[in-house]
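Take a look at the structure set out below.
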Amino acid sequence: MAEQRQSEGERPHRARPIADIVAALSTIEVLQGLTEEEFTWLATHGTQRFGNDGDLIFSQGTPPEHLMFILSGHVLVRRHSSSPVSVLIGQTGRITGKTPFSRIKAWNAEGRSSGDTWILELHDSYFPELLTAIPSMTRRVVRVLLDRTREYTRAEEQIGKLAALNKLAANLAHELNNPASAAKSGASHLLSAAEGQPGRTAYQIGMALGTDDRLNAYLDWLSRLRSAVSHARQTSHGNPPVDNASLEDSLINWLEEKGFGEAWKLAPRLAEANIQLSSLQELERLVPADKLCAAMSDAMAALEREALLLLVSEAADRIFRLVTAVKDYSYMDRQSVQDVHVAESLDTVLRLFQPRLSGITVRRFYSPDVPLLQAFGSELNQAWAALVENSLDAMGDSGTLTLSAKLQGKTILVEITDTGHGIPPEFADHVFEPFFTTKPFGKGLGLGLDTVQRVIQKHFGAVAFDSKPHETTFHVRLPLDRTEVY
């Protein structure tokens, strides 16, 4: 067997025995089914090569001469060109390098060890003998070439989609931010103008109430009511109170008792504004009985004007939040690798799914000691989005979605749990396969979990799941000690 090669600065490694090489080769999926003699042929004709973290395995532009079997470790493959595919990963159990029938004249990327690597290289001078000694290698090599093409194509398509999303985010930011700013500014000015013109209100209602004392008491009541309604709206985030129906019933009874002709129409508006019966009873004590209708009409008009202005302001705020969420999702205007706050990236993805969360209870458990992660931010968000979308699809309109992030040694562990129907055991071995889906025809392409796996592997991480009825958890582990490979 040829002598082992060592790169400059590499720690010395001892060549491993043939039996160890055969055992490692037998774990490579593409080689499954070879005989002991065929494995031994590869082991005895190949050259062992060992690399330390960061060692150069091959250089872009140089002619390839070897078929490489990655027996352990990872090889980071990076293109120094205008190609959108800048980084791919060669993992343990993969075959790379020059293959029989390949027309490659030069490496189109640079390869470096990520961690310690152990590679078996077969020189291209052995290729004719290889195909004779192992006839099935023709079929196996074709499979390697197809897989390699498919991997590059998927990566290019994915990055193309991210580029399109970046353009969409940029257009959203440009087209929506300006009108949203104008709407918010206009609503704020109108609110300030309404609050700064008590004289007009005093003129309108003062004649009806008759005396300054009654007028001042009414204006003080109206000011306190507006403050209470505004506070209730902010704390409830626009959602109606839980006991809205019972409040509406009590208001209808009171309004009918006081002789309001359209109590059924007025009560829902009062209840939606969370105006309590006690506030109306206070007004009743402040003004004469025959002026109650006039005071109520004036108060409702003032509150409705303010509510409409607040609605415009809140809608503009929501536009800002949506545009910000899309920009954060795509990491627009940032470098390809960023310092990512994992908890914030999870929350960014949740904001994109906000319309689907109305019947879902969302629980978050984010440990404060989780450090920033050097990562491809937009692609990591794509992985979270795929996992969250699968969970929501599994739960339908109701259930509990739990997200957690914590530090586990030198690894960030992210777990996403749902209370959906679970993954049937017969499908467990196929969920990460491209185009595999249990959704009805037209509802999914089966690429979501394939995307998750590729993105997490790109970050040198791992993804797994546990599933049973009403509890499915996806576990994502992202190591912290790989930042130097970027």
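Over 15 Å, how big is the tail of the calculated P(r) for segment 361-413, in percent of all Cα pairs? Summing the P(r) of segment 361-413 above 15 Å gives 59 percent of all pairs. Ordered by 1.4 Å accessible area with all protein chains kept, Trp118, Trp264 run largest first as Trp264, Trp118. Solvent-accessible area of Lys291, all protein chains in place: 60 Å² (probe radius 1.4 Å, heavy atoms, ligands and nucleic acids excluded).
Using the Cβ of Thr40 as centre and a radius below 15 Å, the other residues enclosed give a net charge of -4, where K and R count +1 and D and E count -1. Largest accessible area first, the listed residues Leu215, Leu403 line up as Leu215, Leu403 when surface is computed with a 1.4 Å probe on the assembled protein chains. Counting only heavy atoms of the protein chains and using a 1.4 Å probe, Glu471 has close to 90 Å² of accessible surface.
The residues neighbouring Arg363, those whose beta-carbon lies less than 15 Å from its own, together hold a net charge of -2 under the Lys/Arg +1, Asp/Glu -1 convention. Rolling a 1.4 Å probe over the protein heavy atoms leaves Thr400 with an accessible area of roughly 40 Å². Solvent-accessible surface of protein heavy atoms, probed at 1.4 angstrom with all chains present, puts His341, His74, His475, His470 in the order His470, His341, His74, His475, largest first.
The values are calculated or read from the model by the stated rules, or taken from the named source; none is laboratory data. Since we're looking at a predicted model, the values are computed, not measured. Neighbour counts run over all protein chains shown; Cβ positions are idealised from the backbone, glycine included. Accessible surface areas use protein heavy atoms only, side chains included; no ligands, DNA or RNA. Shrake-Rupley method; radii C 1.70, N 1.55, O 1.52, S 1.80 Å.
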